[in-house]
Structures are given as C-alpha cells and as structure tokens.
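Take a look at the structure below.
Every read-out reported here was derived from the displayed coordinates using simple, explicitly stated rules and does not represent laboratory data. Remember, predicted model here, so these are calculated numbers, not experimental data. Cβ placement follows ideal geometry from the backbone for every residue including glycine, while neighbour counts extend to all protein chains displayed.
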Amino acid sequence: SYRIPPRRFFQKPAASQRIPEFAFAFDIDGVLLRGSDPLPKAHKTLSYLQSQRIPFILLTNGGGKHESERVADLTSKLDVPIDVSMFVQSHTPFADMDSYKSKTVLVVGGDEDKCRHVALRYGFQTVVTPGDILSAYPEVWPFSKPFLPYYSTFAQPLPAPISPSSPSTSLKIDAVFVYNDPRDWGLDIQIIKDVLLSQSGILGTLSSKNGNKSLPNKGYQQDDQPPLYFSNPDLLWAATYHLPRLGQGGFREALGGVWAALTGGPNEGVELKKTVIGKPYKPTYEFAEKRLVKHREELLSESRGREGVLKRVYMVGDNPASDIAGANNYRSEMGTDWVSVLVQTGVHKAGEEPKIKPKMEVETVWDAVNWAVEKEN
Ligand code: G3P
Ligand code: MG
C-alpha cells in the first residue's frame with residue numbers, strides 16, 4: 001500500500017524545543033489555493049507555523065496525482081516545504097484497500113490516465129479506465145467518439161475482451177473506484193452503469209436478476225454487484241472561477257439520477273449502493289488524525305521535546321458541508337478535540353449564513369491561525 005518515503009527534515013525544530021499540544025489541519029481548495037493560484041496569506045501562514053514548530057497537515061478532498069507528486073507541486077506553489085507525511089488527499093485511503101490489489105478495478109476520473117498510475121503505485125495490479133474501454137470499443141459510448149484522439153494518447157489495451165458470448169473470458173470488473181472528478185461524465189456514467197447492471201461485473205452482460213421485481217430491492221443492487229467507491233463527496237468546490245464549481249459529488253448525483261431512472265423511476269428508483277469517503281466522513285478524519293499524531297511524534301523525536309499529547313486540532317476549511325461538518329461531528333477515540341474554523345475565501349462567502357455552524361468564522365487562513373494561537377496562549 002502507499003508508503004511514506006523516509007522523511008526529510010522539513011520542520012527541524014531547535015533542540016529540546018517544546019512541540020505544542022495543538023495542531024492544524026488545513027483544507028486546500030478555497031483556503032490555501034484557488035485553482036493553482038496560492039491565496040494571499042497561505043505562504044505567510046504555513047511559514048509562520050513551521051517557524052513556531054506548530055504541527056500541521058493538509059487535508060483535501062482533491063486528488064488526481066500521487067501524493068508525492070501533489071506534495072512537490074504544493075511545495076512549489078506555496079513556497080513552503082511540505083512533506084508527504086503532512087498530506088492526506090481524497091483517495092489516499094484507497095492505498096490501504098489491499099483486498100482489491102490483485103483484482104481488476106475500474107479507475108474513474110482525473111486528467112488523462114494519471115489516476116491509473118496512482119492506483120498502480122498504490123499496488124493495484126490490473127487497472128482499467130473508461131478511456132481504455134472506449135478506445136477498444138468506440139460503440140460502447142458513441143457520443144465520445146469526437147474525443148477518441150484524446151483517449152488514444154494514453155489508453156491501454158484491455159486485460160480481456162468484452163465478449164458476452166463467452167463470459168468466462170470476458171473482461172470482468174471487480175470494483176469501481178472514482179479517484180477524482182470525472183472529465184467525461186457521459187462516458188463514465190455509461191461504463192459504471194454497464195458494470196453495475198452486469199452479471200457480477202462481466203462487461204457486455206446484463207444480469208438477469210436486475211429488474212426482477214420479485215427479488216429484494218426489485219432485483220437491483222445484487223450482492224454480486226461490484227462495489228462502487230467515491231473518494232470525495234463535494235457537490236461544490238472553490239476553483240479559480242468566482243462561483244463554486246460542481247465537484248465529484250455532482251457526478252455522483254448525476255449517476256444516481258440515471259440509476260434511479262433505470263431502476264424504476266423517481267418514486268420507484270432504487271438507491272445506488274456506494275461507499276463515499278473524504279471529508280466530512282469519520283474514516284477520513286481518523287486517517288488524518290493518525291497522520292497528524294505521527295507527524296507530531298516525528299517533530300518531538302527531532303526536538304527531543306517533552307512528550308505532551310495532541311489535545312486540539314483546528315480544522316480550517318471553506319466548505320461547511322465537508323470541512324466544518326466533518327470537524328464538528330468527529331469524535332476522536334484519542335480524545336482530541338477538533339475545532340472547526342470557517343474561512344470566507346472559498347465556497348463560503350462573508351455574509352452568508354452557513355447551515356453548518358463553525359466554532360469560529362474568520363476571513364482568511366492567516367486570521368484562523370492568529371485566532372487559534374491567541375486562544376492557545
Ligand atoms: O476536487 C477538490 C474539491 O472537491 C475540494 O477540495 O481541498 O477544498 O477539500 P478541498
Ligand atoms: Mg475547500
């Protein structure tokens with residue numbers, strides 16, 4: 001699974017420097033970056049924390065590149081040394097899903113086939129993308145034919161053909177992972193729908209059980225249906241454009257709408273069986289907390305500082321539905337208190353009344369850190 005390369009000493013504290021018992025978790029889009037542009041006070045804030053040896057991690061629903069690549073990118077954009085041990089992104093937890101590593105997985109989303117390479121680096125051995133399927137069988141989704149030249153630049157041969165007449169040798173998808181925001185929603189919805197309604201993931205087949213109203217759930221969502229994982233629930237996110245943009249949650253809702261229509265229509269439709277990770281869900285915060293504790297321990301060992309424990313984490317975010325909700329609802333088994341701080345530089349804007357209330361609302365990430373450090377001193 002994904003392993004953190006040996007740490008380079010990014011936050012080398014002075015000898016026997018005390019490491020505070022509080023830390024920060026920063027959302028990225030709308031807090032530190034807008035698109036690929038750093039927000040004004042992002043560099044100043046992270047540099048200050050590093051100078052004060054106050055531990056922090058970056059916790060994003062974004063993704064699409066391997067952690068090491070994204071971290072190098074963030075280090076240059078924010079002009080602050082960021083280590084992979086300080087970084088958790090949407091699909092990072094997929095790296096630990098070892099039971100699927102030897103199976104055939106469909107990886108959806110992201111630019112070109114970058115997410116394929118992330119999955120391969122995580123240890124998944126057989127990775128198929130919708131672009132591979134379209135390139136091999138353009139008629140599978142006729143409306144993406146104009147994009148075939150784009151797909152042909154990175155499509156890989158399929159590990160098996162789509163041959164419904166001989167299911168035993170036909171391409172079989174064992175699980176579907178949406179790693180990042182899909183670029184070609186039409187193709188991706190079509191392919192995922194084909195997998196979900198197939199006989200046990202065998203592409204080109206249609207499960208005879210599906211639609212059989214005598215079965216539970218009107219015959220849909222059979223136990224032989226390949227599992228579907230989404231890495232990021234965000235319906236909206238703060239990109240460069242001044243208004244929030246649809247995120248991976250928008251794609252999920254579009255797929256869910258098609259699924260409801262296919263399985264019985266608006267009133268009859270069957271709920272799309274899926275697993276969604278990312279903020280605001282507990283597994284992501286547990287994963288982030290473990291990462292933060294480990295990072296703080298490394299700082300302690302480097303500084304030979306007095307132990308102390310991590311008592312409080314200030315979660316600084318721009319999206320009430322993910323960052324704030326997640327921190328407000330997270331009950332740490334370690335007893336760490338997560339304090340939500342909402343900024344006005346992303347999805348949420350000054351003057352809006354957020355449905356999900358933060359512990360504190362400030363304008364920028366710098367104000368968030370100032371408020372928290374004041375509170376701690
Ligand atoms: O795709 C990225 C978007 O969903 C939000 O990312 O950094 O605000 O959690 P972030
Ligand atoms: Mg954000």
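Say R0 is 35 Å: what FRET efficiency, to the nearest 0.05, do Lys193 and Lys294 get from their beta-carbon distance? Kindly include the intermediate steps, with their values, before the conclusion.
Working: r = 40 Å, r/R0 = 1.15.
E(calc), rounded to 0.05, equals 0.30.
In segment 156-285, the C-alpha radius of gyration followed by the widest Cα-Cα span (Dmax) gives 16.1, 52 angstrom.
Taking a straight line from the alpha carbon of Lys290, these lysines sit under 16 Å away, with near neighbours fewer than eight places off in the same chain left out: Lys279, Lys282, Lys311.
Inter-label distance, Asn370 to Ser36: 3.1 nm, where each label sits 7 Å from its Cα along the C-beta direction.
Largest GNM mean-square fluctuation among Gly186, Gly249, Gly30, using the chain with Cα springs under 10 Å: Gly186.
In a simple Cβ point-charge model (Lys, Arg +1; Asp, Glu -1; nothing else charged), segment 239-377 has a dipole of about 320 debye relative to its Cα centre. Net charge dipole, segment 171-284: roughly 160 debye, given to the nearest 20, about the Cα centre with Cβ charges of +1 for Lys and Arg and -1 for Asp and Glu. Note on the chain: Cα-only Rg and Dmax are 22.2, 71 Å. The lysine pair tally for segment 37-138, using Cα distances under 27 Å and a gap of 8 or more places or different chains, is 11.
Rounded to the nearest 500 deg cm²/dmol, what is the calculated helix-only ellipticity per residue at 222 nm for the chain, with -39500 (n - 2.57) per DSSP H run of length n ≥ 4? Numbers along the way, then the final one.
On the way: 11 runs with 113 residues, N = 377.
It lands at -9000 deg cm²/dmol.
Think of the chain as a dipole: +1 on every Lys or Arg Cβ, -1 on every Asp or Glu Cβ, centred on the Cα centre; then among Pro354, Val84, Val128, Val84 lies furthest on the positive end. Of the trypsin sites (Lys or Arg not before Pro) in segment 274-377, the ones in a loop by DSSP (not H, G, I, E or B) with at most 11 other beta carbons within 10 Å are Arg304, Arg306, Arg331, Lys355.
Projecting the Cα positions of Ser170, Thr205, Pro182 onto the charge dipole of segment 161-233 (unit charges on Cβ atoms of Lys, Arg, Asp and Glu, taken about the Cα centre) puts Thr205 furthest along the positive direction.
What's the FRET efficiency of Ser166 with Arg331 using the Cβ-Cβ distance as r and R₀ = 35 Å, to the nearest 0.05? Could you put the intermediate results ahead of the total?
Numbers: r = 51 Å, r/R0 = 1.47.
Working from the Cβ atoms, E equals 0.10.
Dipole of the chain, Cα-centred, from +1 at each Lys and Arg C-beta and -1 at each Asp and Glu C-beta, to the nearest 20 debye? Don't skip to the end; give the middle numbers.
Numbers: 44 positive and 44 negative charges, 124 e Å.
For this selection, approximately 600 debye.
Considering only Leu134, Leu196, Leu58, the Gaussian network model of the chain with Cα springs below 10 Å gives its largest mean-square fluctuation to Leu134.
Sites listed here are chymotrypsin sites (Phe, Trp or Tyr not before Pro) in segment 151-250 whose DSSP assignment is loop and whose Cβ has at most 14 other Cβ atoms within 10 Å: Tyr241.
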